[in-house]
Amino acid sequence: MNISIFGLGYVGCVSMGCLAKQGHMVIGMDISETKNELINAGKATILEKDLDNLIEDGRSKGLVQATANVDEAIKNSQVSIICVGTPNNEHGNLSLAYIEQTARSIGSSLKGSEEFHVVAVRSTVVPGTCDWLAELIEEESGLVNNEGFAVISNPEFLREGTAIKDYFEPPMTVIGSSNERATEIMKSVYKELDAPIAVVETKTAEIIKFVNNSYHALKITFANEVGNICKSLGMDSHDVMELFGMDTKLNISTAYFKPGFAYGGSCLPKDLKGLVAIARDNHLNVPVLESVSRSNREQIRRALEIVYESGRRKVGILGLSFKEGTDDLRMSPNVQIAETLLGKGYKLNIFDSNVKVSSLLGKNRSYMQEHLPHLDELITDNLDDVIVNSEILVVCHKSNLFSELDSKYPNKVIIDLARNSNKTSENNYNGICW
C-alpha cells in the first residue's frame, strides 16, 4: 500500500521504517529540510536501536522517501498517517496547532480528489479531535466526510529504546473508526503484525494513550514510594516489588514496577498532564493523578538532597538522556539534576555516549538549549575522564559499565539512581530507594 507520514520525528520515523519493512511504499512529509535530507540519504532522524538499518534498507529498495511538498505526499498515497507533535501548553492541555495545520494542508491537497483517502491520527490527541479534523478537511477539500475521505484514530504504543520491537509486537493494534471502509483499509496495513486488532469508537481510541501513560507514570511513582519506605525500614525494595509482581492475576503486569529514579521523556509527563487537564475541563477532581507528578518531583528532590549531603562539589553525571539507549533529553530528570546543580555552583562532568550535541534536532535540541545551553562544554563520551574529574558519581542509566564503580573507586561517592548494584546503601555506595 502507498502511505504518507506527516511528521518525521520519533513516531513518524519509526513508523516509516517499520511500514517499509512490511513492504509498504512510504513517503514522509516534514517541514524540516534537515529531516527530509536525512531520510533521503537513508538515515533515521532520531536515535533508536535498529532504525537506521530499516530506513537504509527501505531507501535502497525504493520504498522510502521524504518531501516537504504536501501535494506530492497526498498524490502518492491512499493512507495518510499524522505523527506531528501535540505538546502541552502552559495549562497542561495539549496544543493542537500542528495537527490543525497538517489537517488543513491535507484537506487542501485532497481538493478535487476522486479516490477515497484515509487519514489516520497517530499523534496523541484529546477525545473529539478526529471529528474536528474531519470538519477541517471537509472545509478545505470540499469533500464529504466518510464518503470522499475518513479520519480515524490509530494510537501508537512505542517506547523509546525498544520502539522497533514494540511496533512489530504490540499488545494490540487499536483502530478508532466508525467507517467500515477505512477500518478495512487500516486492518490491511497492519495485517502482518501478530497482535489482536481492536476496533473501537474513535473517542475510546483517542483517550487510551492518556490512560495507558498516566497509569505507567503512576506505576513508576508507586514503586518509588514503596522503595523509599522500604529503605527507611532497612529492607530491599526490589525483593518486595518482585514478590508484588508475582501476582499476575490482580496486579496485571510487572512492567515499570521497579523502584528507582523519576520518569521523564516526551510521553508520560505530557499525557499525564493532558489527562488531568481533561478532568479539570470537565470540573472533575482527580487527586491521585494530580499527585503523581508531585511525587515524581519529590524523587528528583531526594536525589539532589543525597548529593548535597555528600558535601562534595565535583559531580560526574553518568547518563543524561531520560533513559539509556536514546538521545532524548526532553523532560529528562537527569537534565533537571544537572541544571539544578549547575545553578548552585557545582562543577559538572557528564558522560553519555548516545548524546551528540551536534546531532540533536527539533524539540530535543531546543529543550537542550533552554535547560543546558553549554552542554557541549560539559559532556563527553570518555567515561574515564568523567570519573577522574569527579568526587561524586550520580549514575542515571543502567549499564554494565557502571556495575562495579563502588569497588573500583572506593574514594568516590556513588549515588545509584538506576539499580546497577543490588547492594544496600553502605560505605561509598548509595541507592536512591534501596
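The values are calculated or read from the model by the stated rules, or taken from the named source; none is laboratory data. Only a predicted model underlies this, so the values are computations on that prediction, with no experimental measurement involved. Ideal geometry is used to build each Cβ from the backbone, glycine not excepted, and the neighbour counts take in all protein chains shown. Heads up: the accessible areas ignore ligands, DNA and RNA and are worked out on the full protein's heavy atoms, side chains in. Shrake-Rupley method; radii C 1.70, N 1.55, O 1.52, S 1.80 Å.
Can you pull the one-decimal nm distance between simple spin-label points at S399 and R301, each 7 Å off the Cα toward Cβ?
In this crude label model, S399 to R301 measures out at 3.1 nm.
Relative contact order for the range 276-343: what percent, with Cα pairs under 8 Å and sequence separation of 6 or more? If you can, show how the numbers build up before the last one.
Working: 32 pairs, mean separation 13.6, N = 68.
Over the range 276-343, the number comes to 20 percent.
Measure up K323/K412; K219/K398; K231/K273; K209/K323; K219/K249; K356/K398 against 22 Å on the Cα-Cα distance and list the ones that go over. All intermediate terms of the calculation are to be shown ahead of the outcome.
On the way: K323/K412 24 Å; K219/K398 19 Å; K231/K273 30 Å; K209/K323 20 Å; K219/K249 16 Å; K356/K398 19 Å.
Flagged as over cut-off: K323/K412; K231/K273.
Taking every pair of Cα atoms in the range 167-266, average 1/r, invert it to obtain the Kirkwood radius, and report Rg/Rh to two decimals.
1.13
Taking Cα extents along the principal axes in Å as the quantity of interest, determine which of [x] 73, 46, 39; [y] 72, 51, 46; [z] 70, 59, 40 was computed from the displayed structure.
Identified label for the calculated read-out: [x].
Please give the length that would be gained between T254 and W132 if that part of the chain were fully extended, namely 0.36 nm times their separation in residues minus their C-alpha to C-alpha distance (nm, one decimal).
Extending this stretch completely gives an extra 40.2 nm.
Please build a GNM for the chain, connecting alpha carbons under 10 Å apart, and tell me which residue among N88, N382, N213 fluctuates the most.
Residue with maximal mean-square fluctuation among N88, N382, N213: N382.
What do you get for trypsin sites (Lys or Arg not before Pro) in the range 92-139 restricted to DSSP loop and a cutoff of at most 14 other Cβ within 10 Å of the site's Cβ?
Counting only loop positions with at most 14 other Cβ atoms within 10 Å, the trypsin sites (Lys or Arg not before Pro) in the range 92-139 are K111.
Apply the Karplus curve 6.51 cos²θ - 1.76 cosθ + 1.60, θ = phi - 60°, to the phi angles in the range 146-161 and return the couplings in whole Hz, x for Gly and Pro.
Rounded to whole hertz, the list is 6, 10, x, 7, 8, 10, 10, 9, 9, x, 9, 10, 9, 9, 4, x.
For the range 170-315, what is the charge dipole size about the Cα centre, in debye to the nearest 20, if Lys and Arg each add +1 at the Cβ and Asp and Glu each add -1 at the Cβ? Walk me through the numbers before you get to the answer.
Values: 19 positive and 17 negative charges, 130 e Å.
Here the size comes out at about 620 debye.
If I take every Cα pair under 8 Å that is 6 or more residues apart in the range 391-434, average their sequence separation and divide by the length, what percent do I get for the relative contact order?
About 38 percent, as a whole number.
Enter the accessible area per residue of the range 114-233 (Å², integer; probe 1.4 Å; all protein chains in place).
43 Å²
How high is the relative contact order of the range 254-388, in percent, with contacts defined as C-alpha pairs under 8 Å that are six or more residues apart?
Relative contact order comes out at 23 percent.
Could you size up the charge dipole of the chain around its Cα centre, putting +1 on the beta carbon of Lys and Arg and -1 on that of Asp and Glu, and report it in debye to the nearest 20?
Result for the chain is approximately 980 debye, rounded to the nearest 20.
Per the Kirkwood formula on distinct C-alpha pairs, the Rh of the range 329-434 is how many angstrom?
Result for the range 329-434 stands at 14.7 Å.
Under 5 Å between amide H atoms, partner at least 5 residues away or on a different chain: which partners does S4 have, H built in plane at 1.01 Å?
Here I27, Q78, V79, S80, I81 satisfy the definition.
Calculate, in nm to one decimal, what D52 and N282 gain on full extension: separation in residues at 0.36 nm each, minus their alpha carbon distance.
78.5 nm
Put a dot 7 Å past each Cα toward the Cβ at N145 and D194; how far apart are the dots in nm?
With each label placed 7 Å out from Cα toward Cβ, I get 3.9 nm.
For the range 143-181 and the range 388-434, what is the separation of their Cα centres, given in Å?
Computed from Cα coordinates, the inter-centre distance equals 42 Å.
Residues in the range 1-27, backbone N under 18 Å from the label point at K61 (7 Å along the Cα-to-beta-carbon vector): list them, ranges by number please.
1-5, 13-27
Using 0.36 nm per residue, how much length does the chain from D381 to E180 gain when fully extended, once their Cα-Cα distance is taken away?
67.1 nm
What are the semi-axes of the equivalent ellipsoid of the range 60-102, taken as the square roots of 5 times the eigenvalues of the Cα gyration tensor, listed largest first and rounded to whole Å? Could you put the intermediate results ahead of the total?
Working: eigenvalues 164, 26, 14 Å².
Calculated on Cα positions only, the semi-axes equal 29, 11, 8 Å.
I'd like the FRET efficiency for E339 and S32, computed as 1/(1 + (r/R0)^6) with the beta carbon distance as r and R0 of 30 Å, rounded to 0.05.
Taking R0 as 30 Å, the efficiency between E339 and S32 is 0.70.
In deg cm²/dmol and to the nearest 500, what is the mean residue ellipticity at 222 nm of the chain if only DSSP H runs of at least 4 residues count, each as -39500 (n - 2.57), divided by the residue total?
Only helices count here, giving -13500 deg cm²/dmol.
For K111, go through the lysines and keep the ones whose alpha-carbon is under 16 Å away, minus same-chain ones fewer than eight residues off.
Straight-distance partners of K111: K75.
Percent of accessible area on the range 245-300 owned by carbon and sulfur, 1.4 Å probe?
Details: 1830 of 3110 Å².
The nonpolar share, carbon plus sulfur, comes to 59 percent.
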